[in-house]
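Down below is the structure, laid out as structure tokens.
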Amino acid sequence: MVTVSIHNLTFTYPQQSRPVLNTVNASFPAGQFSLITGVSGGGKSTLLKLIAGLLPTDATGITFNDQSLTDIPATQRSKTVAMLFQEPSTQFTMDTVANELQFALENQQVPADEIPARLTAALDFIGIAALRDRKLMHLSGGEQQKVALAIIVAMDSAVILLDEPFASIDPATRLVLLQRLAQLSRERGKTVILADHDLSGYTDYVDRLTVLADGHLTHLSPEATQERLATFAPAQLRLQHVTVPDNDQPALLQGTQLSLSANGRTLVTPQDLGLFAHHTTLITGPNGSGKSTLFRSLVKLGHYQGVITYDGTDIHRLKRRPYARQVALMFQSAATQFLNVTVDEELTLSLKNSYADHFTPAMVTQLLTELNLDDRREQIIYTLSSGQQKKLQLLCMLIMAPDVLLLDEPFKGLDYASLQTAIQILKRVQQDLDITYILVSHQLSGLDTFIDYHLQLADQHLTYQGVRA
Amino acid sequence: MKRWHIRDIILVTILAIFMGVIFWVITPLYSALTAVFAPMGLQPLANEILLGVWTMAGPLAGFVIRIPGAATLGELLGAVVEMFLGGIWGASTLISGVVQGFGSELGFMATRYRRYNWVTLTLSALTTTLVTFAWSLAREGYSAYHLGFLLLLFAVRFASVFVFGGILTKLITNLLDRAHVLKH
Amino acid sequence: MNPSLKLALLVLVALEISFTHVWTVNVALIVVSLILMVWGHVAFKRLAMLTLIPAFFGGALVWSLTLRGTASSHFLLVIFTRMVAYVYMGGWFAQTTNPLTLTRSLEQNAKLPSKFAYGFLAAFNLMPKIQAEVATIKAAALMRGQVLHFWSPQLYFKVILAAMNWSDQLAAAMTSHGFVEDAPRTHATEIPLVTRDWIMLVGSLVLVQVGLFIGLP
């Protein structure tokens, strides 16, 4: 049983002026399941990494039962604290599930003859004995997170840290992981600290909620925690203007007997699907249900079964270069889209290669001002906050002015004011250039007057919602 | 002197694998060049033109990772990847990897791992060309060529190594430098 | 055979035939590698590839040496058989050696520091991700109207940025999974190194020396 205490912890990243964490004081009691919440980019990851000893710091401010991590021999630290990361696929060293568990136990110098039993027990506890000899790279994100937790169970770490572990995980897996974590804290006395910006579905599992805002931590009492969790309602989608598209209308992008799968898991069963020109279509569905996979298929980056046509031609027969002008994807990770170093260089590139004569440097300056980026023109993109990167990415893709723009989580990390501005700009550009938008978004507020059609992905099927026109 | 840490080892290996992917991408080009040059008895020219791509992992790793041995390790691991993918030169790839990597390493060694600029990259291109050419004299029987042809091969090889290991590598590292991700 | 010794044998023999001119030994190495590959159930298609590739490139090299050089027919025969021997020996090694077993053997038998052994493995497991990333970067650039070729600095720039991220993440995950540089570890899978392995290594080397130095053509 280990209690984590934090005393007057301040942390500033090199080359940044403002501290991410400012004189933080906190205590995470042994055997409790604590949830940390706060806006993305607000320092939750930094705090967890500091607790795990993964960031270089003097770290005297963090203690485990009054002992600092540096006082514990390096080979024993994983028995004290272990972390499960946001990105499922880059947390493994070995090829298969069993080999990875074996690797972790060998690191802890567990005698060779005890390893098989510990390995089996951990897999059984999480309920993934069947995955034992599977290749990690062939597993879904959800399965990979289960394996990551099994490793921590096998290592028997006293403090379990989880950094946004459900970001791309399907709801069923999320539920299993939550149940196991609650069990670990209640039955095995583990100290669980989980960071998540989304508070839905935690009511039955979490003992205490901690809020991280402006570099400061605030613990809520058990009563306040339950109240806050109970009243937290995921942003409801209230679309009053959506209609089911007319059957006679020709689709711009048409899937015929289209089905999608990833790592052997079926995401969409064969169906016909039309996506329509000059409108805005919103696709919603649970995490990990295949929305991004659908987008990748539409831009010829993913495998699919069936046929996808663009304007009547099979996209397999369209050359990549001209097709990229017709259908472009704004990737979920903003950095993927950038090719240069500074904000100005990116904008210049988009202006140079734009398919429309619409945008002028003066107009771009105006848009930058609206998005609060006008004083950042010389800044290195990779030092912008995630929200600023997202806004720049949106601008770069709009300037390109493709016929169809697919937007994968375009509003991620944006504050409310930026979100409103972004939607205004999107609408304006659509009016001027007649662009077709298809977007995937978890951010649902403020979209009502923007969305024409709403496609819901549920039970491996995409269905248009709303009333018939 | 800087020591190897796990992060650097993973990074140099990923770079090597990426260069392996690049080799894979240019293999059709290499085959096409060989097919064009072969009838005239100019096959080695196909080699020489692209050799700079094969040896680029060395200077790139040396410049990005800045630890003694980075160039050699980057090139050797690239060779390991190539051999497991079933490359054209089979077992000798491993030896070539060490030879090529050591060739570029000499350039960094000459500047004592302190300077990372044009001088270093030019030196590295020169040492790479010299060392690998000596190896080709033995392995591929270049020693049997007429002197004139041999000089042509040498010149083309140096040009290729300089273009890819020198110019291209400098352009890449300039971008990395401006993005502030290179440790000094 | 123990993978580390197998690797040593491969490198030593390949190095030696690079500097000697005995085509009969090259042919013997080709035959032995072929037998070992057939015995190790290497697919026929693979064998065909391993034959066609050196035949094409080796043939082109020999033809070039004929036209542009002063090589004797014996020298040409040596060069051609050498190329085929390289590929066959490499094929034998690559097709009959498991990279994980090799790495474990290098760690346990050859005393390679574990940080290198597991650093390599962690990165090698990312191979499919690296390939996918290259495709994504090229597609994302196309959507910005930019075509990336193998000579475009931006392609390398983007890949290196991704590689830096991944190596940070993997290194953190390894630490979190208890890995400590230069610390002792236990080994649940022992890679045996027995006298028989040494006999095979020394025996093979002696045979090659005999072949090379008794005056065979």
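Read-outs: derived from the displayed coordinates by stated rules, not from any lab. All of these numbers come straight from a predicted model, not from anything done at the bench. Here the Cβ positions follow ideal geometry from the backbone for every residue, glycine too, while neighbour counts run over all protein chains shown.
Numbers for the structure displayed
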| read-out | value |
| --- | --- |
| Fewest-first ranking of C:R46, C:R68, using other Cβ atoms within 10 Å as the exposure measure | C:R46, C:R68 |
| Of the DSSP H helices in chain B, those whose Cα atoms cover at least 20 Å axially and whose Kyte score averages -0.5 or more | B:6-37, B:70-85, B:92-110, B:118-139, B:147-161 |
| Gain upon complete extension [A:H138, A:D113; 0.36 nm per residue less C-alpha separation] | 6.1 nm |
| Crossing angle, helix C:73-96 versus chain C [Cα axis fit, 0-90 degrees, rounded to tens] | 40 |
| For A:S78, C:S73, A:S34, order by how many other beta-carbon atoms lie within 10 Å, fewest first | C:S73, A:S34, A:S78 |
| DSSP bridge pairs, chain A: antiparallel proportion in percent, nearest 5 | 50 |
| Where N is the number of residues in the stretch B:6-178, Cα Rg divided by 2.2 N^0.38 Å | 0.98 |
| Volume per residue of the C-alpha convex hull in chain C, rounded to whole Å³ | 181 |
| Cα gyration tensor shape of the stretch A:243-468, rounded if a/c is under 1.5, else prolate or oblate by comparing a/b with b/c | prolate |
| Residue exposure sequence - A:D71, A:D170 - by fewest surrounding Cβ within 10 Å | A:D71, A:D170 |
| log₁₀ of I(q)/I(0) at q = 0.10 Å⁻¹ - the stretch C:114-217, Debye sum with one point per alpha carbon | -0.60 |
| Between 0 and 90°, nearest 10: helix A:222-231 axis offset from chain A longest Cα axis | 20 |
| DSSP-loop trypsin sites (Lys or Arg not before Pro) across the stretch C:70-150, with at most 11 other Cβ within 10 angstrom | C:K111 |
| Stokes-Einstein translational diffusion, chain A - Kirkwood Rh over all Cα pairs, 0.890 mPa s, 25 °C, in µm²/s | 101 |
| Value at 222 nm in deg cm²/dmol, rounded to 500, when DSSP H runs of n ≥ 4 in the protein assembly as shown each add -39,500 (n - 2.57) | -16500 deg cm²/dmol |
| Quarter of Cα convex hull surface for the stretch C:158-205, i.e. mean projection, nm² | 6.6 |
| Angle in degrees between helix A:171-188 and the longest Cα principal axis of chain A, rounded to the nearest 10 | 10 |
| Measure of compaction for the protein assembly as shown (Cα Rg per 2.2 N^0.38 Å) | 1.02 |
| GNM top mover of B:A144, B:A46, B:A32 - chain B, alpha-carbon springs below 10 Å | B:A144 |
| Cα-based Kirkwood hydrodynamic radius, the stretch A:300-401, one decimal, Å | 15.0 |
| Estimated FRET transfer efficiency when R0 is 45 angstrom, pair C:L216-C:R196 (beta carbons, to 0.05) | 0.95 |
| q = 0.09, 0.10, 0.12 Å⁻¹, the stretch A:4-231: log10 I(q)/I(0) [Debye, one scatterer per Cα] | -0.36, -0.45, -0.65 |
| Set of aspartates and glutamates with alpha-carbon distance to A:K135 below 19 Å, sequence-local pairs under 8 removed | A:E87, A:D95, A:E100, A:D124, A:E143 |
| FRET efficiency estimate (nearest 0.05) - Cβ-Cβ, A:R238 to A:E378, R0 25 angstrom | 0.05 |
| Inter-chain Cβ neighbour average for residues A:106-119, partner chain, 10 Å | 4 |
